[in-house]
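Asks: My questions will all concern the structure given below.
Rule-based calculations on the coordinates, nothing more; no lab input. Model, not experiment: these values are computed from the prediction. With ideal geometry, Cβ positions are generated from the backbone for all residues, glycine too; neighbour counts draw on all protein chains shown.
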Amino acid sequence: MGKIVRALSADGSVLCSAIDSTDIANEIFRLHNTAPVATAALGRLASAGSIMGAMLKSEDDRLTLRMNGNGPAGNIIVTADYMGNVKCYADNVNVDLPLKPNGKLDVSGYVGTDGFLGVIKDLGLKEPYATQVPIVSGEIAEDITSYYAISEQIPTVCALGVLVDRDLTVKCAGGFLIQLVPPINEKAIDVIENNIKTMQSVTELMSQGKTPDKIALMGLAGLGGEVLDSWECKYYCNCSRERTAQILLSLGRDELKKLADEPEDTEVCCHFCNKRYRFTPDELKRLLISGDGNNAEK
Ligand SMILES: [Zn+2]
């Protein structure tokens, strides 16, 4: 289980959300068999998505992050619900890149730096709220910060980290997001900037056994921060046979008929969890008939 913690400064002007996403990043590795750099990139974006998802207001709200920097990763997609449960995938997870000169995984080399970070919030309205900002570093945390500065005009600091072990599993993963709540307390900005300068990286802190509670309070040091709430979150895919059938129907009648006329079964694989759903030609034909029924009702 992952854990999200939210802490608030004494005057209520600064919110810090921190996550321990070690289990989520390990699930990403287990489900997608990711190469280390892909584990790091997906783990970082999923950690950010989880924290951002947890800021949604209603149970049915969904947040999607889409990054494409024209790097070898292709698209990286993360979807989160309002509890911070996440699922994700990348077009290409089997990429081997040399380490950077500082010995770190080359996440920006994997993501690419020539492209966009898109944020889509489905708040149950007719159209989802969608916006995108240019990728600034491809290291993901800076890109999330830039999104908040440009699109939401909220001063934000974001730090993310994934430490991949020798056996390719994840030793620890996590992150935090500090945001100023309007009206902006200018003095708090200086305090936070100083906190960030003196804090070690997220994975260093976690390797020392620091919990997300502790990390959230470190971000608010000098501001009288207190933990507001905390809860568990996880990697969660909500795919099902029924949803997959709906996706097949959305291909359109002609396309579905073509598949139904093939002698072989049609297999659909969920991008997010790699579960496979198999449909026989007869099942597809029945789907065509029931799909007609649905259309007739409209
Ligand atoms: Zn799935």
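Asks: What list of ³J(HN,Hα) couplings, whole Hz, do you get for the stretch 121-127 from phi and the Karplus terms 6.51, -1.76, 1.60, once you set θ to phi - 60° and write x for glycine and proline?
Replies: 10, 9, 9, x, 8, 4, 10
Asks: From the backbone phi of the stretch 134-145, what are the Karplus-calculated ³J(HN,Hα) couplings (6.51 cos²θ - 1.76 cosθ + 1.60, θ = phi - 60°) in whole Hz, Gly and Pro given as x?
Replies: x, 5, 9, 10, x, 8, 6, 4, 5, 6, 5, 4
Asks: 5 Å is the cut-off here: which amide hydrogens, built 1.01 Å from N in the peptide plane, fall below it relative to V14, excluding neighbours closer than 5 in sequence?
Replies: Residues meeting the amide H criterion: S9, V181.
Asks: Taking a 25 Å limit on the Cα-Cα distance, which of the listed pairs K104/K171; K104/K197; K87/K257; K187/K234; K100/K197; K234/K285 fall beyond it?
Replies: K87/K257; K187/K234; K234/K285
Asks: Same structure, new question: Per DSSP H run of at least 4 residues, take -39500 (n - 2.57); add these up for the chain, divide by its residues and hand me the 222 nm value, nearest 500 deg cm²/dmol.
Replies: -10500 deg cm²/dmol
Asks: List the residues, sorted by chain then number, that are 5 or more residues from V95 or on another chain and whose placed amide H is less than 5 Å from its amide H.
Replies: Placed amide hydrogens put A35, A38 under 5 Å from V95.
Asks: What residues of the stretch 142-158 lie in the reach of a label at D11, counting those whose backbone N is under 18 Å from a point 7 Å from the Cα along Cα→Cβ?
Replies: It comes to 155-157, nothing else.
Asks: Where does each of 35-42, 65-72 land if you order them by average Cβ count within 10 Å, highest first?
Replies: Averaged packing, sorted descending, gives the order 35-42, 65-72.
Asks: Let me ask you something else. Could you work out how far helix 36-53 tilts from the main Cα principal axis of the chain, as a 0 to 90 degree angle to the nearest 10?
Replies: 80 degrees
Asks: If I measure Cβ to Cβ between cysteines in the chain, which ones have no partner under 4.7 Å?
Replies: C16, C88, C158, C172, C233, C269
Asks: May I pose another question? Going by average Cβ density within 10 Å per residue, which order do the peptides 110-121, 252-263 take, highest to lowest?
Replies: Order by mean packing, descending: 110-121, 252-263.
Asks: Still on this structure, I have one more. Would you compute, for the Cα atoms of the stretch 114-264, the largest minus smallest coordinate along each principal axis and list the three values in descending order, in whole Å?
Replies: Cα extents, longest axis first: 68, 42, 35 Å.
Asks: If you don't mind, there's one more thing I want to ask. Taking θ as phi - 60°, what are the ³J(HN,Hα) couplings along the stretch 147-161 by the Karplus curve (6.51, -1.76, 1.60), each to the nearest whole Hz, with x for Gly and Pro?
Replies: 4, 5, 5, 7, 8, 10, 6, 10, x, 9, 10, 10, 10, 9, x
Asks: While we're here: Compare the peptides 283-289, 84-90 by average per-residue count of other Cβ atoms within 10 angstrom and give them in order, highest first.
Replies: 84-90, 283-289
Asks: For helix 22-32, report the angle its Cα long axis makes with the longest principal axis of the Cα atoms of the chain; keep it between 0 and 90° and round to the nearest 10°.
Replies: 30 degrees
Asks: Which far-off residues, 5 or more places away or on another chain, put their amide H under 5 Å from the one on K171, with H placed in the peptide plane?
Replies: HN-HN under 5 Å from K171: L163, V164, D165.
Asks: So the label point goes 7 Å from the Cα of T113 along Cα→C-beta, right? Which residues of the stretch 18-50 then have their backbone N under 17 Å from it?
Replies: Label zone hits: none.
Asks: Same structure again: If you build the convex hull over the alpha carbons only and average its shadow over all orientations, what do you get for the chain? Give it in nm² to one decimal.
Replies: 17.4 nm²
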